[in-house]
Amino acid sequence: MTTTSTTPTIRSVDRALDLLTAVCDHPGITLSEAARSAGLAPSSALRLLRTLTESGYLSRTPDGLYDVGPELIRVSGRVLADNSLRRLCRPTMTQLAAKTGESVYLSVRHHDRAIYLALVPGIRAIQHRSWEGQSISLETSAAGAVLTGRIGQARYAVITSGVEKDVVGIAAPITLHDEVIAALSMVIPSCHLNHELTTRYGTMVASCAASLSKLIGDNPPHRRRRQRTHRPSARAEATQSAAEHASPTNGHPKSLAPSL
């Protein structure tokens, strides 16, 4: 039967996707952690992880940890290229990067992680530009503090060495109808900053985030909904047509109504 031949394949795909999700949510995960997250035996997880690594969707460090691979980043970038939130925010991000010379990121929340959707790199000789497409902890990052509402009435958050040593994150919330939908942040080598400059950059990030909140409120991002049409097979159409014409309705053959 068809079900018998396709079920193992579908199960394998489900397991591979579970492993992929586990690694994306927790970069630098071990084999045993990935297997436990996906509910698999380590031997089964290892076979699937090898396939995902060989295809480039995952990568494996010399000490055996699994991370997002270059192919997944490439595919994700293509998917996100048409994201309306990115399109709306990029001009402001570009202006902020040009004024400060530092890298500017746009991030959103996904479960217990923050995902960096977009990056506009700075122009300084030393700059940070390695997190686009990556997910980071909500607990230790400035973007995470913003996305989880931990900044209270403050306009922005500043966290030093939260995700990476000697790197400072400065982030502010982008809102829609008073709900935080994204974080605008600058990621800066700590050697570039002092207290005065940190305050200045924080004010700039908060101002840009507020402007983006107003812009997005006037042009809210929307998801294009694709209408799906299910076309029956020729045999099914013939069978349905014969059955409908054979079943009278008020003494007349049933009419064929167009599918909506």
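The values are calculated or read from the model by the stated rules, or taken from the named source; none is laboratory data. As the structure is a computational prediction, the values presented were derived from the model and not from experiment. Note that we place each Cβ from the backbone using ideal geometry, even for glycine, and neighbour counts take in every protein chain shown.
When the stretch 182-203 is filtered for residues that are surrounded by 16 or more Cβ atoms within 10 Å (Cβ to Cβ) and not in a strand (DSSP E or B), the ones remaining, listed by number, are H192, L193, T198, Y201, G202. Checked against the criterion of being outside any loop (DSSP other than H, G, I, E, B) and closer than 13 Å to A182 by Cβ, the stretch 152-164 contains not a single residue that satisfies it.
Once the stretch 160-196 is narrowed to residues that are modelled with pLDDT under 90 and small (G, A, S), the residue that is nearest to R109 (Cα to Cα) is G162. Tell me, please, whether a residue that is surrounded by fewer than 15 Cβ atoms within 10 Å (Cβ to Cβ), more than 18 Å from S213 (Cα to Cα) and touching a helix residue (DSSP H, G or I) at 6+ places or on another chain (Cβ under 6 Å) can be found in the stretch 120-138. Within the stretch 120-138 (the criterion being surrounded by fewer than 15 Cβ atoms within 10 Å (Cβ to Cβ), more than 18 Å from S213 (Cα to Cα) and touching a helix residue (DSSP H, G or I) at 6+ places or on another chain (Cβ under 6 Å)), the answer is no, since none of the residues qualifies. When A210, A157, A206 are checked against the criterion of being surrounded by 15 or more Cβ atoms within 10 Å (Cβ to Cβ), under 21 Å from H110 (Cβ atoms), of a type in the set (G, A, S) and modelled with pLDDT of 95 or more, a single residue qualifies: A157.
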